[in-house]
1. If you scale each eigenvalue of the Cα gyration tensor by 5 and take the root, what three semi-axes come out for the stretch 292-350, rounded to whole angstrom and sorted largest first?
2. Using only Cα atoms, figure out Rg for the chain and give it as a multiple of 2.2 N^0.38 Å.
3. Once Rh for the stretch 210-361 is found with the Kirkwood sum over Cα pairs, what is the Stokes-Einstein diffusion coefficient at 20 °C and 1.002 mPa s, in µm²/s?
4. Suppose the chain between Arg273 and Tyr151 were pulled fully straight at 0.36 nm per residue; how much longer would it get relative to their current alpha carbon spacing?
5. Could you let me know the centre-to-centre spacing of the stretch 313-392 and the stretch 200-223, using Cα atoms, in angstrom?
6. P(r) of the stretch 210-300 in 10 Å steps, Cα pairs, percent per bin?
7. Determine the calculated [θ] at 222 nm for the chain from helices alone, applying -39500 (n - 2.57) to every DSSP H run no shorter than 4 residues and normalising by the residue count; nearest 500 deg cm²/dmol.
8. Suppose a student asked you for the relative contact order of the chain, using Cα pairs under 8 Å spaced at least 6 residues apart; what percent would you report?
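The values are calculated or read from the model by the stated rules, or taken from the named source; none is laboratory data. Please read all numbers here as calculations on a predicted model, not as lab measurements. Backbone-built Cβ (ideal geometry, glycine too); neighbour counts: all protein chains shown. Keep in mind that these areas ignore ligands, DNA and RNA; they rest on the heavy atoms of the full protein, side chains included. Shrake-Rupley method; radii C 1.70, N 1.55, O 1.52, S 1.80 Å.
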Amino acid sequence: MLLALLSAFALSQAYRTVTAIIATGLQTDFGLSSSSLGAFAGLFALAFGVTQFFMGIGMDLYGLRRTVLTAFPLTLLGAGLSAWAPQYGWLMLGQMLIGVGCAPAFLACTVFIARHFPASQFAFMSGVGLGVGGLGLLLTGTPLAWLVQHYGWRSGFFLLAGLSAASWLLIWHRVHEPALPGPAPERERWGTAVRRFGALFVLPHTLGILLLSMVAYASTLALRGLWIGPMLIERYGFSLVQSGNVALAMSLISLFGPACFGHFDPGPTRRRRWVVNFSLLVALLYLCMGAVHHVGLNIALVLLIASLSGYSVLQYSDVRASYPPDLTGRALSVFTMAMFLGVGLMQWLTGWVAGWAQAQGLDTYQAVMGTIAALLALGSTAFRWLPASPLLPK
(Lines give C-alpha, C1' and ligand atoms only; values in the text may rest on other atoms or scores of the structure.)
Protein backbone atom coordinates (compact mmCIF):
# COMPACT_ATOMS: atom_id res chain seq x y z
CA MET A 1 0.00 0.00 0.00
CA LEU A 2 2.79 2.40 0.86
CA LEU A 3 4.45 1.79 -2.51
CA ALA A 4 1.17 2.57 -4.28
CA LEU A 5 0.90 5.85 -2.39
CA LEU A 6 4.54 6.60 -3.17
CA SER A 7 3.81 6.30 -6.90
CA ALA A 8 1.72 9.47 -6.65
CA PHE A 9 4.46 11.15 -4.62
CA ALA A 10 7.07 10.19 -7.24
CA LEU A 11 4.94 11.85 -9.92
CA SER A 12 4.53 14.96 -7.78
CA GLN A 13 8.35 15.08 -7.62
CA ALA A 14 8.45 14.89 -11.41
CA TYR A 15 5.87 17.66 -11.85
CA ARG A 16 7.62 20.01 -9.42
CA THR A 17 11.00 19.61 -11.17
CA VAL A 18 9.90 19.50 -14.80
CA THR A 19 10.49 23.25 -15.24
CA ALA A 20 14.26 22.77 -15.20
CA ILE A 21 13.92 20.68 -18.38
CA ILE A 22 11.20 22.58 -20.26
CA ALA A 23 12.32 26.11 -19.29
CA THR A 24 14.05 26.94 -22.57
CA GLY A 25 11.09 25.61 -24.57
CA LEU A 26 8.64 27.73 -22.60
CA GLN A 27 10.79 30.82 -23.01
CA THR A 28 10.98 30.22 -26.77
CA ASP A 29 7.26 29.55 -27.30
CA PHE A 30 5.80 32.11 -24.90
CA GLY A 31 8.64 34.65 -24.60
CA LEU A 32 8.81 34.26 -20.83
CA SER A 33 11.09 36.42 -18.72
CA SER A 34 13.03 34.95 -15.80
CA SER A 35 10.44 36.31 -13.36
CA SER A 36 7.56 34.74 -15.35
CA LEU A 37 9.42 31.45 -15.45
CA GLY A 38 9.91 31.63 -11.67
CA ALA A 39 6.20 32.37 -11.21
CA PHE A 40 5.31 29.35 -13.35
CA ALA A 41 7.59 27.04 -11.35
CA GLY A 42 6.40 28.47 -8.06
CA LEU A 43 2.67 28.19 -8.77
CA PHE A 44 2.74 24.40 -8.44
CA ALA A 45 4.25 24.67 -4.97
CA LEU A 46 1.96 27.51 -3.89
CA ALA A 47 -1.16 25.57 -4.94
CA PHE A 48 0.29 22.43 -3.34
CA GLY A 49 1.09 24.26 -0.10
CA VAL A 50 -2.15 26.22 0.30
CA THR A 51 -4.28 23.10 -0.06
CA GLN A 52 -2.25 21.05 2.46
CA PHE A 53 -4.50 22.44 5.18
CA PHE A 54 -7.62 21.02 3.55
CA MET A 55 -5.93 17.76 2.58
CA GLY A 56 -4.85 17.21 6.19
CA ILE A 57 -8.40 17.71 7.44
CA GLY A 58 -9.71 15.49 4.63
CA MET A 59 -7.39 12.67 5.66
CA ASP A 60 -8.47 12.98 9.29
CA LEU A 61 -12.16 12.97 8.40
CA TYR A 62 -12.37 10.70 5.34
CA GLY A 63 -9.11 8.71 5.26
CA LEU A 64 -6.02 8.67 3.09
CA ARG A 65 -7.42 6.59 0.23
CA ARG A 66 -10.53 8.66 -0.39
CA THR A 67 -8.65 11.96 -0.16
CA VAL A 68 -5.94 10.93 -2.63
CA LEU A 69 -8.37 9.37 -5.11
CA THR A 70 -10.56 12.48 -5.04
CA ALA A 71 -7.76 15.01 -5.53
CA PHE A 72 -5.34 13.23 -7.86
CA PRO A 73 -7.51 13.35 -11.03
CA LEU A 74 -6.91 17.12 -11.03
CA THR A 75 -3.28 16.28 -11.79
CA LEU A 76 -4.31 14.44 -14.94
CA LEU A 77 -6.56 17.35 -15.97
CA GLY A 78 -3.82 19.90 -15.31
CA ALA A 79 -1.18 17.95 -17.24
CA GLY A 80 -3.50 17.63 -20.23
CA LEU A 81 -4.32 21.34 -20.08
CA SER A 82 -0.61 22.22 -19.89
CA ALA A 83 0.21 20.03 -22.89
CA TRP A 84 -2.50 21.80 -24.92
CA ALA A 85 -1.99 25.36 -23.57
CA PRO A 86 -1.97 27.94 -26.40
CA GLN A 87 -1.10 30.81 -24.03
CA TYR A 88 0.81 31.43 -20.82
CA GLY A 89 -2.42 31.91 -18.82
CA TRP A 90 -3.67 28.41 -19.71
CA LEU A 91 -0.28 27.01 -18.77
CA MET A 92 -0.54 28.66 -15.35
CA LEU A 93 -4.05 27.25 -14.83
CA GLY A 94 -2.76 23.78 -15.66
CA GLN A 95 0.10 24.22 -13.21
CA MET A 96 -2.31 25.24 -10.47
CA LEU A 97 -4.51 22.18 -11.06
CA ILE A 98 -1.46 19.92 -10.97
CA GLY A 99 -0.38 21.44 -7.64
CA VAL A 100 -3.80 20.88 -6.06
CA GLY A 101 -4.04 17.34 -7.44
CA CYS A 102 -0.61 16.39 -6.07
CA ALA A 103 -1.23 18.04 -2.69
CA PRO A 104 -2.11 14.88 -0.73
CA ALA A 105 0.63 12.75 -2.30
CA PHE A 106 3.47 12.90 0.21
CA LEU A 107 1.32 13.85 3.20
CA ALA A 108 -0.59 10.59 2.72
CA CYS A 109 2.71 8.68 2.83
CA THR A 110 3.99 10.40 5.99
CA VAL A 111 0.67 10.03 7.80
CA PHE A 112 0.50 6.35 6.78
CA ILE A 113 4.02 5.80 8.15
CA ALA A 114 3.23 7.70 11.37
CA ARG A 115 0.09 5.63 11.93
CA HIS A 116 1.35 2.17 11.02
CA PHE A 117 5.06 2.10 11.92
CA PRO A 118 6.65 2.48 15.37
CA ALA A 119 8.15 5.84 16.28
CA SER A 120 11.66 4.36 16.29
CA GLN A 121 11.34 3.59 12.56
CA PHE A 122 9.73 6.88 11.53
CA ALA A 123 12.89 8.72 10.41
CA PHE A 124 14.21 5.73 8.47
CA MET A 125 10.89 4.91 6.80
CA SER A 126 10.34 8.57 5.91
CA GLY A 127 13.81 8.59 4.38
CA VAL A 128 13.00 5.47 2.39
CA GLY A 129 9.78 7.11 1.25
CA LEU A 130 11.63 10.22 0.11
CA GLY A 131 14.12 8.01 -1.69
CA VAL A 132 11.46 6.02 -3.54
CA GLY A 133 9.68 9.26 -4.37
CA GLY A 134 12.95 10.44 -5.85
CA LEU A 135 12.36 8.06 -8.76
CA GLY A 136 10.19 10.85 -10.12
CA LEU A 137 13.26 13.07 -10.16
CA LEU A 138 15.05 10.51 -12.32
CA LEU A 139 12.31 10.89 -14.89
CA THR A 140 12.88 14.64 -15.16
CA GLY A 141 16.60 14.14 -15.72
CA THR A 142 18.03 12.60 -18.87
CA PRO A 143 14.89 10.65 -20.00
CA LEU A 144 12.58 13.67 -20.11
CA ALA A 145 15.36 15.90 -21.46
CA TRP A 146 15.80 13.50 -24.40
CA LEU A 147 12.03 13.37 -25.00
CA VAL A 148 11.67 17.17 -24.84
CA GLN A 149 14.69 17.76 -27.06
CA HIS A 150 13.25 15.48 -29.76
CA TYR A 151 9.49 16.05 -29.45
CA GLY A 152 9.05 19.36 -27.64
CA TRP A 153 8.11 20.35 -24.10
CA ARG A 154 4.43 19.43 -24.55
CA SER A 155 5.39 15.77 -24.92
CA GLY A 156 6.66 15.84 -21.34
CA PHE A 157 3.24 16.74 -20.02
CA PHE A 158 1.57 14.08 -22.17
CA LEU A 159 3.88 11.46 -20.67
CA LEU A 160 3.27 12.64 -17.11
CA ALA A 161 -0.49 12.64 -17.70
CA GLY A 162 -0.41 9.00 -18.76
CA LEU A 163 1.69 8.01 -15.75
CA SER A 164 -0.70 9.92 -13.46
CA ALA A 165 -3.64 7.90 -14.74
CA ALA A 166 -1.72 4.67 -14.07
CA SER A 167 -0.85 5.82 -10.53
CA TRP A 168 -4.50 6.63 -9.75
CA LEU A 169 -5.55 3.17 -10.88
CA LEU A 170 -2.82 1.56 -8.77
CA ILE A 171 -3.94 3.42 -5.63
CA TRP A 172 -7.58 2.60 -6.31
CA HIS A 173 -6.71 -1.08 -6.63
CA ARG A 174 -4.10 -1.51 -3.88
CA VAL A 175 -4.74 0.98 -1.07
CA HIS A 176 -7.22 -0.12 1.56
CA GLU A 177 -6.32 1.33 4.94
CA PRO A 178 -6.09 -1.13 7.82
CA ALA A 179 -8.17 -0.31 10.85
CA LEU A 180 -6.34 1.48 13.64
CA PRO A 181 -6.19 -0.32 17.02
CA GLY A 182 -8.87 0.54 19.56
CA PRO A 183 -12.40 1.83 19.09
CA ALA A 184 -13.05 4.03 16.09
CA PRO A 185 -12.88 7.71 17.08
CA GLU A 186 -15.93 9.89 16.60
CA ARG A 187 -15.66 11.85 13.36
CA GLU A 188 -14.99 15.53 13.91
CA ARG A 189 -16.90 18.32 12.29
CA TRP A 190 -15.01 20.57 9.86
CA GLY A 191 -15.26 23.52 12.23
CA THR A 192 -13.68 21.55 15.07
CA ALA A 193 -10.94 20.26 12.80
CA VAL A 194 -10.12 23.79 11.61
CA ARG A 195 -9.92 25.08 15.18
CA ARG A 196 -7.58 22.23 16.17
CA PHE A 197 -5.33 23.05 13.23
CA GLY A 198 -5.34 26.69 14.25
CA ALA A 199 -4.25 25.73 17.76
CA LEU A 200 -0.89 24.56 16.37
CA PHE A 201 0.00 28.11 15.34
CA VAL A 202 -0.29 29.52 18.85
CA LEU A 203 2.23 27.06 20.29
CA PRO A 204 5.56 28.91 20.75
CA HIS A 205 7.72 26.23 19.16
CA THR A 206 5.72 26.10 15.93
CA LEU A 207 7.21 29.32 14.52
CA GLY A 208 10.82 28.12 14.40
CA ILE A 209 9.79 24.82 12.82
CA LEU A 210 7.78 26.61 10.12
CA LEU A 211 10.44 29.22 9.30
CA LEU A 212 13.08 26.59 8.61
CA SER A 213 10.61 24.34 6.79
CA MET A 214 9.86 27.20 4.38
CA VAL A 215 13.48 27.43 3.19
CA ALA A 216 15.20 24.05 3.71
CA TYR A 217 13.49 21.94 1.05
CA ALA A 218 12.78 25.06 -1.02
CA SER A 219 16.50 25.70 -1.44
CA THR A 220 17.05 22.23 -2.93
CA LEU A 221 14.00 22.41 -5.17
CA ALA A 222 14.86 25.90 -6.41
CA LEU A 223 18.10 24.43 -7.76
CA ARG A 224 16.86 21.03 -8.95
CA GLY A 225 13.43 22.12 -10.10
CA LEU A 226 14.18 25.48 -11.73
CA TRP A 227 17.74 26.78 -12.04
CA ILE A 228 19.99 23.77 -12.73
CA GLY A 229 19.05 23.63 -16.42
CA PRO A 230 19.18 27.37 -17.23
CA MET A 231 22.41 27.83 -15.24
CA LEU A 232 24.31 25.05 -17.03
CA ILE A 233 22.95 26.03 -20.45
CA GLU A 234 23.56 29.78 -20.12
CA ARG A 235 26.75 29.75 -18.05
CA TYR A 236 28.57 26.86 -19.67
CA GLY A 237 26.82 26.18 -22.98
CA PHE A 238 25.47 22.76 -21.99
CA SER A 239 22.88 21.11 -24.22
CA LEU A 240 19.49 20.20 -22.80
CA VAL A 241 20.44 16.54 -22.53
CA GLN A 242 23.79 17.40 -20.88
CA SER A 243 22.03 19.51 -18.24
CA GLY A 244 19.55 16.66 -17.86
CA ASN A 245 22.45 14.33 -17.11
CA VAL A 246 23.51 16.54 -14.20
CA ALA A 247 19.92 16.69 -12.96
CA LEU A 248 19.80 12.90 -13.22
CA ALA A 249 22.96 12.61 -11.11
CA MET A 250 21.38 14.87 -8.47
CA SER A 251 18.30 12.69 -8.52
CA LEU A 252 20.25 9.45 -8.14
CA ILE A 253 21.97 10.85 -5.07
CA SER A 254 18.62 11.96 -3.64
CA LEU A 255 17.38 8.37 -3.73
CA PHE A 256 19.75 7.41 -0.93
CA GLY A 257 20.46 10.60 1.04
CA PRO A 258 17.23 10.78 3.09
CA ALA A 259 17.38 7.09 4.09
CA CYS A 260 21.01 7.51 5.17
CA PHE A 261 20.20 10.51 7.33
CA GLY A 262 17.17 8.69 8.70
CA HIS A 263 19.31 5.67 9.57
CA PHE A 264 21.83 7.83 11.45
CA ASP A 265 19.19 9.97 13.16
CA PRO A 266 20.96 11.06 16.39
CA GLY A 267 17.73 11.15 18.40
CA PRO A 268 15.82 14.04 20.00
CA THR A 269 18.68 15.33 22.15
CA ARG A 270 20.99 16.16 19.20
CA ARG A 271 18.67 16.13 16.18
CA ARG A 272 17.97 19.87 16.13
CA ARG A 273 21.70 20.67 16.31
CA TRP A 274 22.30 18.40 13.31
CA VAL A 275 19.54 20.13 11.35
CA VAL A 276 20.95 23.61 12.04
CA ASN A 277 24.54 22.66 11.23
CA PHE A 278 23.71 20.91 7.98
CA SER A 279 21.39 23.69 6.80
CA LEU A 280 24.09 26.32 7.44
CA LEU A 281 26.63 24.19 5.59
CA VAL A 282 24.32 23.89 2.59
CA ALA A 283 23.78 27.68 2.67
CA LEU A 284 27.56 28.14 2.44
CA LEU A 285 27.71 25.76 -0.55
CA TYR A 286 25.07 27.79 -2.39
CA LEU A 287 27.07 30.95 -1.76
CA CYS A 288 30.17 29.26 -3.19
CA MET A 289 28.27 27.99 -6.23
CA GLY A 290 27.18 31.52 -7.10
CA ALA A 291 30.72 32.87 -6.78
CA VAL A 292 32.59 30.04 -8.56
CA HIS A 293 32.49 29.99 -12.38
CA HIS A 294 34.53 26.86 -13.01
CA VAL A 295 32.25 24.25 -14.58
CA GLY A 296 33.82 21.28 -12.78
CA LEU A 297 33.66 22.94 -9.37
CA ASN A 298 30.09 24.06 -9.98
CA ILE A 299 28.96 20.55 -10.80
CA ALA A 300 30.83 19.21 -7.76
CA LEU A 301 29.03 21.74 -5.55
CA VAL A 302 25.69 20.78 -7.10
CA LEU A 303 26.28 17.11 -6.33
CA LEU A 304 27.50 17.88 -2.80
CA ILE A 305 24.35 19.89 -2.12
CA ALA A 306 22.29 16.96 -3.41
CA SER A 307 24.17 14.62 -1.04
CA LEU A 308 23.59 16.79 2.02
CA SER A 309 19.99 17.78 1.29
CA GLY A 310 18.77 14.48 2.75
CA TYR A 311 19.14 16.06 6.20
CA SER A 312 15.65 17.49 5.71
CA VAL A 313 14.19 14.09 6.66
CA LEU A 314 15.32 14.84 10.22
CA GLN A 315 12.85 17.73 10.26
CA TYR A 316 9.98 15.25 9.91
CA SER A 317 11.23 13.38 12.97
CA ASP A 318 11.55 16.66 14.85
CA VAL A 319 7.95 17.56 14.00
CA ARG A 320 6.68 14.17 15.14
CA ALA A 321 8.57 14.44 18.43
CA SER A 322 7.47 18.05 19.03
CA TYR A 323 3.70 17.41 19.26
CA PRO A 324 1.49 14.94 21.14
CA PRO A 325 0.32 11.85 19.20
CA ASP A 326 -3.21 13.17 18.60
CA LEU A 327 -1.76 16.19 16.76
CA THR A 328 0.88 14.32 14.74
CA GLY A 329 -1.10 14.17 11.48
CA ARG A 330 -2.12 17.82 11.70
CA ALA A 331 1.39 18.93 12.60
CA LEU A 332 2.85 17.06 9.62
CA SER A 333 0.18 18.65 7.42
CA VAL A 334 1.04 22.17 8.63
CA PHE A 335 4.75 21.43 8.23
CA THR A 336 4.22 20.19 4.66
CA MET A 337 2.04 23.21 3.90
CA ALA A 338 4.77 25.61 5.05
CA MET A 339 7.41 23.63 3.18
CA PHE A 340 5.68 23.94 -0.19
CA LEU A 341 4.52 27.50 0.32
CA GLY A 342 8.21 28.18 0.86
CA VAL A 343 9.07 26.37 -2.39
CA GLY A 344 6.61 28.52 -4.31
CA LEU A 345 7.77 31.75 -2.70
CA MET A 346 11.46 30.95 -3.20
CA GLN A 347 11.00 30.05 -6.84
CA TRP A 348 8.99 33.22 -7.43
CA LEU A 349 11.48 35.36 -5.48
CA THR A 350 14.56 33.92 -7.21
CA GLY A 351 12.85 34.46 -10.56
CA TRP A 352 12.33 38.11 -9.64
CA VAL A 353 15.94 38.38 -8.41
CA ALA A 354 17.18 36.89 -11.69
CA GLY A 355 15.19 39.44 -13.69
CA TRP A 356 16.46 42.28 -11.50
CA ALA A 357 20.07 41.10 -11.80
CA GLN A 358 19.80 40.92 -15.59
CA ALA A 359 18.40 44.47 -15.71
CA GLN A 360 21.29 45.70 -13.55
CA GLY A 361 23.93 43.89 -15.61
CA LEU A 362 24.86 41.64 -12.69
CA ASP A 363 25.68 37.94 -12.66
CA THR A 364 22.25 36.32 -12.67
CA TYR A 365 23.20 33.08 -10.97
CA GLN A 366 25.43 34.71 -8.38
CA ALA A 367 22.42 36.79 -7.34
CA VAL A 368 20.08 33.78 -7.36
CA MET A 369 22.38 31.49 -5.36
CA GLY A 370 23.22 34.28 -2.92
CA THR A 371 19.51 34.82 -2.29
CA ILE A 372 18.97 31.11 -1.63
CA ALA A 373 21.95 31.05 0.76
CA ALA A 374 20.70 34.10 2.68
CA LEU A 375 17.18 32.70 3.10
CA LEU A 376 18.50 29.34 4.26
CA ALA A 377 20.83 30.98 6.78
CA LEU A 378 17.99 33.13 8.16
CA GLY A 379 15.66 30.12 8.51
CA SER A 380 18.38 28.10 10.25
CA THR A 381 19.07 30.92 12.70
CA ALA A 382 15.38 31.25 13.54
CA PHE A 383 15.08 27.50 14.12
CA ARG A 384 18.13 27.60 16.40
CA TRP A 385 17.10 30.48 18.64
CA LEU A 386 13.30 30.34 18.76
CA PRO A 387 11.75 28.09 21.46
CA ALA A 388 11.85 24.33 21.04
CA SER A 389 9.00 22.03 22.00
CA PRO A 390 8.68 21.28 25.74
CA LEU A 391 8.19 17.63 24.75
CA LEU A 392 11.82 17.41 23.60
CA PRO A 393 14.54 16.50 26.12
CA LYS A 394 16.69 19.41 27.26
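1. With the √(5λ) rule applied to the stretch 292-350, the semi-axes are 32, 16, 5 Å.
2. Cα-based Rg divided by the globular estimate yields 0.93.
3. 129 µm²/s
4. 39.2 nm
5. The two parts, judged by their Cα centres, are 5 Å apart.
6. 13, 42, 32, 11, 1
7. On the way: 22 runs with 311 residues, N = 394.
For the chain, the value works out to -25500 deg cm²/dmol.
8. Once normalised by length, the contact order is 29 percent.
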